[in-house]
Amino acid sequence: MTDKIWTELEKHQPQSLVDLFASDKERVANMTLEHSGLRFDLSKTHLDSIALGHFETLAIDMELDRLKTALFSGAAINVTEGRAAEHTAERGYGAADAVMHARALQDRMRGLVEAIDSGFMGDIRHILHIGIGGSALGPKLLVDSLGRDGARYDVRVVSNVDGAALTEAVKDMDPHKTIVAVASKTFTTTETLLNATSAMEWMIEGGVQDPYAQFVALTAYPDKAIEWGIDESRILPFNEAVGGRYSLWCSIGFPVALAHGWAVFADMLEGAGAMDRHFRDAPVLENAPTMAAFADLYYAQTKSCQTRAVFAYDERLRLLPDYLQQLEMESNGKSVTADGAPLGRHSAPVTWGGVGTDAQHAVFQLLHQGTHLIPVEFIASKSPGHDFDTAHHETLLVNCFAQGAALMAGQHSGDLARNYVGNRPSTTILLDDVTPSTIGALIAFYEHRTFVNAVLLGINPFDQFGVELGKQIAKSISENGPIGFDPSTAALIEAALGDH
Ligand code: F6P
């Protein structure tokens, strides 16, 4: 049945985007959804009633409702690892025991935030957050996007194992006034532990008498943090069933709560919770994450689009494309189904992007005239994040909307170098403003959209075995040098690392 639906979708030839608007005066209203301070405009995609009908059937065929219920009820939906995916419980939507557990751990985090505020760890000014992947990207995005009006602490996030990153991060920091937050779900990640060890050395060299007392651990494996030397009172555990790339809602979000205060963190959870409710309850065609996933699948699967571009037309969201890369590519970049069978279709496309208007002067040429068809997503806010002349924000938004219009309409010219074929799809997400609540809802929207993409492809989005081989080989090179490697790799090891 599923194959038949995909075949129908592939055979279907929708009208051009311009014609879709011409033949349906209500298209904007019909293809725009508003929720939680966010407006999702999917009208400039090729989804028409026929395509939507096929996707609705596909959703039934792939049991989206059953899997959604499984997600929200704490069933072991991450089948390859035999556990639940309980990030929604952090926002109050999940199995009752998981929600209670999440609240208790969040209370513990809140307690530590308040204790630090009242001087429990001394006169603290800086937070050095050390983590990588899901243990860094979310905090980095949120500290950056919400901290524009001044944060309560100066937060720096270090992820890369390149010592240059740590050097840069600790520049101008007073080790006596710094908390080091070691963020690692597993507390085994090489890069994070090496950076943490070097941060410890930096503190010792800086004359800190008891550096361990300034370390906090954010982890699902508190025993490992204790073994590493961090006192239990400064460990903020989280539920093992929260995946790394979904973990900013729990203690991995500690620097966000610290930098912006608990009320901000709570608003973010609330915004995400509102999106959870919407995703859980809204019917398919009124469901923003589901409809956005239909558009994703339409292009990736039936038009073989290999990439999807995301442009934040708001400086406060400049790190969103980086965040989405992990969320979408680590979740759905897989060639096997949850049952272990070959996927037999394209996996998720490459997510890439940047910031508008900068990107217009760098990569948009290809979007308008290149030979690749690339669905584009624009994200903007009605309200500006600054007090400069309103001309700035107007110019920003005007440019954002102009790009979507230009991609769609094109412009025909006999001179091929100046011809724009048009009919190129885009989606636009317009936020009322970038607030803790809207950003929480936005991130939850992307999580659920990624989930629907996975369900309709039959993928388990919650594992990431693809990252393991490289880790094993790096370990082997560290331990054994070039022995046993192909000539190219062996020569590189010898040239750069010598005898080792
Ligand atoms: O290598 C991939 C990965 O496991 C990600 O999924 C994760 O977010 C990141 O590494 C960091 O892992 P940890 O939080 O366990 O240090």
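Annotations
- Odd one out for Ile50, checked against (1) at pLDDT 95 or above; (2) surrounded by 21 or more Cβ atoms within 10 Å (Cβ to Cβ); (3) in the same structural domain as Val455 (by TED's automatic domain parsing): (2)
- Complete set of residues in the stretch 117-132 that are in contact with a strand residue (DSSP E or B) (Cβ under 8 Å, 6 or more places away or on another chain) and surrounded by fewer than 21 Cβ atoms within 10 Å (Cβ to Cβ): Met121, Ile124, Arg125, His126
- Among residues of the stretch 172-197, those that are modelled with pLDDT of 95 or more and away from the ligand (no atom under 16 Å from the Cβ), counted: 7
- Comparison of Ser335, Ser383 shows that the only residue that is touching a residue at least 40 places away in the same chain (Cβ under 8 Å) and of a type in the set (S, T, N, Q) is Ser383.
- Members of the stretch 120-144 found to be more than 16 Å from the ligand (Cβ to nearest atom) and over 21 Å from Met200 (Cα atoms), listed by number: Val143, Asp144
- A search for C-beta distances below 8 Å between a residue of the stretch 247-267 that is within 9 Å of Met109 (Cα to Cα) and within 16 Å of the ligand (Cβ to nearest atom) and any residue that is among the acidic types (Asp, Glu) and at pLDDT 95 or above, counting only pairs 6+ apart in sequence or on different chains, returns Cys250/Glu90.
- Any hit, the stretch 219-235, residues being assigned to a helix (DSSP H, G or I), of a type in the set (S, T, N, Q) and either within 16 Å of the ligand (Cβ to nearest atom) or closer than 21 Å to Glu56 by Cβ (or both): no
- Residue within the stretch 352-368 that is more than 24 Å from Leu137 (Cβ to Cβ), aromatic (Phe, Trp, Tyr) and surrounded by 18 or more Cβ atoms within 10 Å (Cβ to Cβ) present: yes
- Ala183 meets all of the listed conditions (1) in contact with a Gly (Cβ under 7 Å, 6 or more places away or on another chain); (2) surrounded by fewer than 24 Cβ atoms within 10 Å (Cβ to Cβ) but one, namely (2).
- Checking each residue in the stretch 28-47 for being surrounded by 17 or more Cβ atoms within 10 Å (Cβ to Cβ) and outside any strand (DSSP E or B) picks out Met31, Ser36, Gly37, Leu42, Ser43, Lys44, Thr45, His46, Leu47.
The values are calculated or read from the model by the stated rules, or taken from the named source; none is laboratory data. The model shown is predicted, which means the values in this text are computed figures rather than measured ones. Please note: Cβ atoms are built from the backbone with ideal geometry, for glycine as well, and neighbour counts cover all protein chains shown.
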